[in-house]
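Engineer: This is the structure, below, for whatever I ask next.
The values are calculated or read from the model by the stated rules, or taken from the named source; none is laboratory data. Not measured: the values here are computed from a predicted model. Methodologically, a virtual Cβ is constructed for each residue, glycine included, from the backbone with ideal geometry; neighbour enumeration extends over all protein chains shown. Heads up: the accessible areas ignore ligands, DNA and RNA and are worked out on the full protein's heavy atoms, side chains in. Shrake-Rupley method; radii C 1.70, N 1.55, O 1.52, S 1.80 Å.
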Amino acid sequence: MEENLDAAIDSLLNVEKQMRLAGDVAGTKKAVIDIVELCYKARAWKTLNDQIVLLSKRRGQLKQAVTAMVQKAMQYIDDTPDIETRVELIKTLNNVSAGKIYVEIERARLIKSLAKIKEEQGLIAEAADLMQEIAVETFGAMAKTEKVAFILEQVRLCLDRQDYVRAQILSRKISPRAFDVDTSKDKKKPKEGGNIVEEAPADIPSLLELKRIYYELMIRYHSHNNDYLEICRSYKAIYDIPSVKEDPSQWTPVLRKICWYLVLSPHDPMQSSLLNSTLEDKNLSELSNFRLLLKQLVTMEVIHWASLWEMYKDEFENEKNLLGGSLGPKAAEDLKLRIIEHNILVVSKYYSRITLKRLSDLLCLSLQEAEKHLSDMVVSKALVAKIDRPMGIVCFQTAKDSNDILNSWATNLEKLLDLVEKSCHQIHKETMVHKAVLKA
């Protein structure tokens, strides 16, 4: 059987040589594919590997023949009898396609298959290193969805091996705008002589599914840093996906997470904007408890921590059973901290000067804790305040320089003179009206 195979291969190699030297592309491709098919049908995997290497190294080998050979051999990867044979075939094809720009897409797919095998064997670090060798963002002929899926796979493996720095670098290769599906414009036809963009394989998810995967990976990354606002923005992006918004069973847990992470986020303009836009969402009316929670944060009133925690403790604990899991190990402490910060901001709006004792009573904290939280907010520039410790007084007013004071006086005088002038004009008008009536 082996002798027959060798004889058949030798005769085909002679045909391939004649075709190659004659520059016959179609004939060379057919001869190369016939050799590969012959080895596959005989289940001679070692011979197949040897022939692939031999054919790729032949003098003046045509690009089209190498491409056809690699593509044909890739179809046989799933039919290999065991893992060792499969890995050997993938490595052979990988070595053949290395450094050849015309089979770069095939090489990327081979690396992905090899990385998947490594991951199944528990070698996550090796799988991540393999995937990072390929920079798919430079592949002009690869479909957009396949590129995005490949980069997301790189990010996922980096997160699995807890390499957060590299995960962030890789995630920046994908712009969030890449997920905006523009159905109005027809697909641009490739220019004459330009690269024809290949169709993505059937197992690649759609753009909207990739969008969800991307933001779920971003949530994993930001959870590592406890960056609540970015986690909230990622959930908001998932919430805006049409398929999620149409299904209450999907949007309910996502909207709950948005509300919780909004409350946990430090007070800043972005958080304030998201808070107000979430409150305007019609779906929030179906989650009355969360609507009330967000309303309390928007309303400039002091929130009593003990009663709030008693009301929402069960909801808070229940999050671990829903989509995305628990809110994080420090979430309960951070929630209390955000309520304290909110209360200090409320006090600063209503008081220009207040005693530390009164402030600590309003915040339901000890004097030391109230002073510490107030100092932290001043340091982070969330608030302007001065503490007179000997007198025990907090002053929330900003110190004005002489120019500001003079400007405010000038403005006040201008307003006063304006009012006087308007009053004189009204009096004069009334007098003229009454004079005209008397004369009549």
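Engineer: If a residue must be part of a helix (DSSP H, G or I) and surrounded by fewer than 14 Cβ atoms within 10 Å (Cβ to Cβ), how many such residues does the stretch 346-357 contain?
Structural biologist: Residues meeting the conditions: 3.
Engineer: Among the candidates Val32, Val87, Val66, Val36, single out the residue that is touching a Ser or Thr at 6+ places or on another chain (Cβ under 8 Å) and under 19 Å from Leu110 (Cβ atoms).
Structural biologist: One residue alone meets the criteria, Val66.
Engineer: Open to solvent by less than 30 Å² (accessible area, probe 1.4 Å) and either among the hydrophobic types (A, V, I, L, M, F, W, C) or modelled with pLDDT of 85 or more (or both) - does that describe any residue in the stretch 189-204?
Structural biologist: Yes, the stretch 189-204 has at least one match.
Engineer: Return the residue satisfying two criteria in turn: it lies in the stretch 367-381 and is open to solvent by less than 50 Å² (accessible area, probe 1.4 Å) and of a type outside the set (Asp, Glu), and of such residues it is farthest from Val302 (Cα to Cα).
Structural biologist: My answer is Ser375.
Engineer: Now for a different question. Hey, any hits in the stretch 395-416 for a residue that's open to solvent by less than 70 Å² (accessible area, probe 1.4 Å), under 30 Å from Leu367 (Cα atoms) and part of a loop (DSSP other than H, G, I, E, B)?
Structural biologist: Within the stretch 395-416, one or more residues are open to solvent by less than 70 Å² (accessible area, probe 1.4 Å), under 30 Å from Leu367 (Cα atoms) and part of a loop (DSSP other than H, G, I, E, B).
Engineer: Right, Ile105: open to solvent by less than 60 Å² (accessible area, probe 1.4 Å) and out of contact with any helix residue (DSSP H, G or I) (no Cβ under 7 Å at 6 or more places or on another chain) or not?
Structural biologist: So Ile105 fits the description; yes.
Engineer: Of these, Lys91, Lys112, which one is in contact with an Asp or Glu (Cβ under 9 Å, 6 or more places away or on another chain) and closer than 20 Å to Leu130 by Cα?
Structural biologist: The unique qualifying residue is Lys112.
Engineer: Also, quick follow-up: Anything in the stretch 112-136 that is among the hydrophobic types (A, V, I, L, M, F, W, C) and either open to solvent by less than 50 Å² (accessible area, probe 1.4 Å) or in contact with a Lys or Arg (Cβ under 9 Å, 6 or more places away or on another chain) (or both)? List them, or say none.
Structural biologist: Matches in the stretch 112-136: Leu114, Ala115, Ile117, Ile124, Ala125, Ala127, Ala128, Leu130, Met131, Ile134, Ala135, Val136.
Engineer: Also, quick follow-up: I'd like to check which helices (runs of 4 or more DSSP H) are fully inside the stretch 225-304 and have at least 3 residues that are open to solvent by 60 Å² or more (accessible area, probe 1.4 Å).
Structural biologist: Because the criterion is at least 3 residues that are open to solvent by 60 Å² or more (accessible area, probe 1.4 Å), the helices (runs of 4 or more DSSP H) in the stretch 225-304 that meet it are 242-245, 248-264, 269-279, 288-298.
Engineer: If you don't mind, there's one more thing I want to ask. Residues in the stretch 329-345 that are among the charged types (D, E, K, R) and open to solvent by 50 Å² or more (accessible area, probe 1.4 Å): how many?
Structural biologist: Going through the stretch 329-345 one residue at a time, the tally reaches 3.
Engineer: Also, I was wondering about something else. Would a scan of the stretch 53-69 turn up a residue that is touching a Phe, Trp or Tyr at 6+ places or on another chain (Cβ under 7 Å) and either surrounded by 13 or more Cβ atoms within 10 Å (Cβ to Cβ) or assigned to a helix (DSSP H, G or I) (or both)?
Structural biologist: yes
Engineer: Here are some residues: Glu37, Glu84. Which one is open to solvent by 40 Å² or more (accessible area, probe 1.4 Å), in a helix (DSSP H, G or I) and at pLDDT 80 or above?
Structural biologist: Glu84
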